[in-house]
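Let me begin by presenting the structure, written as C-alpha cells, before commenting on it.
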Amino acid sequence: MRIALIAHDKKKDDLIQFVTAYKNTLLKHDLYATGTTGGRIESEVGINIHRFKSGPLGGDQQIGSAIADNLMDMVIFFRDPLTAQPHEPDVTALIRLCDVYQIPLATNMGTAEVLLKGIEEGFLDWRLLEDRRDR
C-alpha cells in the first residue's frame, strides 16, 4: 500500500510513537509524509520515507494531488483539534479528497491502529481498494 503519514506539530511525538510501534508493518509498504514529519520519522525511527513539502508549504496539497491521481491508498493524519492551523483550508481539502476517493483516513491513534491491525490480519487488502477505485 501507499500510505501517507502526517501530523500537526503537537501530534508529531504521538505519530513517532505510533510509527515506532508499527514499524514492522509499515516497512512492508511505500511510505510518504509531509516534510517535517517525514524528517522526524527518518531520523528518529530509521525508516526511509518519501517526503513532500512541509504541510504549510504545500505538502498537504501534494498528498491531496496524489490521492486525486489514484497514487495513495491510505492516510494517517494525526490532527491537533485544539490548535488553529494557518493552513486549515488545505487540511480540509485533504480530508474531503479522502472522502471523495474513498481513501481510508485515520485522524487519531485509535483509528490508525484499527486500520493497521486490519492490514496485519489481512482484513484490509489494498488490491480490493484498487479494484474499488477502478470502477
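The values are calculated or read from the model by the stated rules, or taken from the named source; none is laboratory data. None of the values given here were measured: they were computed from a predicted structure. All Cβ positions, glycine included, derive from the backbone under ideal geometry; neighbour counts span all protein chains shown. In case anyone asks, the SASA skips ligands and DNA or RNA and just uses the protein heavy atoms, side chains included. Shrake-Rupley method; radii C 1.70, N 1.55, O 1.52, S 1.80 Å.
Of all residues in the range 9-24, those satisfying the criterion of being touching a residue at least 60 places away in the same chain (Cβ under 8 Å) and open to solvent by less than 10 Å² (accessible area, probe 1.4 Å) are LEU15, PHE18.
Of everything listed in (1) in contact (Cβ under 8 Å) with a residue 60 or more places away in the chain; (2) in contact with a His (Cβ under 8 Å, 6 or more places away or on another chain); (3) among the small types (Gly, Ala, Ser), the single unmet condition for ALA4 is (2). The set of residues in the range 25-78 that are surrounded by fewer than 18 Cβ atoms within 10 Å (Cβ to Cβ), outside any helix (DSSP H, G or I) and touching a helix residue (DSSP H, G or I) at 6+ places or on another chain (Cβ under 7 Å) comprises ILE47, ASN48, LYS53, SER54, ASN70.
Looking at GLY64, GLY58, just one residue is small (Gly, Ala, Ser) and either on the phi > 0 side of the Ramachandran plot or modelled with pLDDT under 95 (or both), and that residue is GLY58. Scanning the range 90-108 for residues that are open to solvent by 60 Å² or more (accessible area, probe 1.4 Å) and part of a helix (DSSP H, G or I), we see that the one that is farthest from ILE76 (Cα to Cα) is VAL100. Whenever a residue of the range 85-111 is of a type in the set (Val, Ile, Thr), its partners that are assigned to a helix (DSSP H, G or I) and surrounded by 19 or more Cβ atoms within 10 Å (Cβ to Cβ), lying with C-beta atoms within less than 7 angstrom and at least six residues away or across chains, give the pairs VAL91/ASP60; ILE103/ILE67. Residues in the range 114-124 that are without any contact (Cβ under 8 Å) to a residue 12 or more places away in the chain and not aliphatic (A, V, I, L, M): LYS117, GLY118, GLU121, GLY122, PHE123. Looking only at residues of the range 80-89 that are open to solvent by 70 Å² or more (accessible area, probe 1.4 Å) and closer than 22 Å to ILE16 by Cα, we find that the one that is modelled with the lowest pLDDT is ALA84.
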